[in-house]
1. Rounded to the nearest Å, what's the spacing between the alpha carbon centres of the range 138-191 and the range 117-136? Just the number, please.
2. In cubic angstrom, how much convex hull volume per residue do the alpha carbon atoms of the range 112-222 span?
3. Within the P(r) computed for the range 4-200, what percentage of the Cα pairs occupies the region above 29 Å?
4. Would you order 245, 133, 71 from fewest to most other beta-carbon atoms within 10 Å of each residue's own beta-carbon?
5. As a test of the formula, what do you get for the chain when each DSSP H run with n ≥ 4 contributes -39,500 (n - 2.57) and the sum is divided by the residue count, at 222 nm and rounded to the nearest 500 deg cm²/dmol?
6. Would you mind estimating how fast the range 159-210 diffuses translationally, via Stokes-Einstein at 10 °C and 1.306 mPa s with the Kirkwood radius over Cα pairs, in µm²/s?
7. Which angle between 0 and 90 degrees, to the nearest 10, do you get for helix 241-259 versus the longest principal axis of the chain when only C-alpha atoms count?
8. Considering Cα pairs under 8 angstrom that are at least six residues apart, work out the relative contact order of the range 4-200 and quote it in whole percent.
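Just so it is clear, none of the values below were taken in a lab; they were calculated from the coordinates. The model shown is predicted, which means the values in this text are computed figures rather than measured ones. Cβ coordinates were reconstructed from backbone atoms using ideal geometry, including for glycine residues, and neighbour counts include every protein chain displayed.
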């Protein structure tokens, strides 16, 4: 079996995304990648979507990397390019989701799995999760969304991770800036739910605009990033969301003052 990519959406508009291939540590093969890319692109068009949480099936791995058996069977540079474009495709589809995506890292997070995690907006891991980019040990460089790592952990630590192919702990990943939080396994879902609560308290359009703006900041010089922010701020007034939410905030503030 090549595994599957599951999507479940609750009444709040929160999508739970699962790479379901536990028998192979949720490794990514071409069929699974194609399924995930198509599903994520469809999800991006869904009205009412507010947030997404991505995880791996079971308790052993988030994503254990790209399927080495599938890569070993590649015969030509063209076949290799087609494969790695699929890996980029799942990362790009995650980054293109218009709502925040939380990586729920429940175990091993290696190679392409770490690239997928880097493509998410925020990352939380169980305490015994392990992280690594071991590609050079099987004769290939780390590529595609590994390019996001310097922005998360700096150039020195990126070189250490990619060139030495070390495996690091969740505690180290947190200290390096790769993770936003580490939690006990029995507490990780509660912590994610707290994050989701914060996301759902925000204006839906404002949150989508903020994610899109952050993406632009990653790609643009500072002066262009600031200009893009001005445009995004002004565009917020195309709906009633700012006025409505600001009025509610002021009314709440007024009510608190009366109680003092």
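1. Measuring centre to centre over Cα atoms gives 5 Å.
2. 113 Å³
3. Summing the P(r) tail past 29 Å for the range 4-200 gives 17 percent.
4. Lowest count first: 245, 71, 133.
5. Per the formula, -16000 deg cm²/dmol.
6. For these conditions, the coefficient is 117 µm²/s.
7. Compared with the principal axis, the helix lies near 60 degrees.
8. Dividing the mean separation by the residue count of the range 4-200 yields 18 percent.
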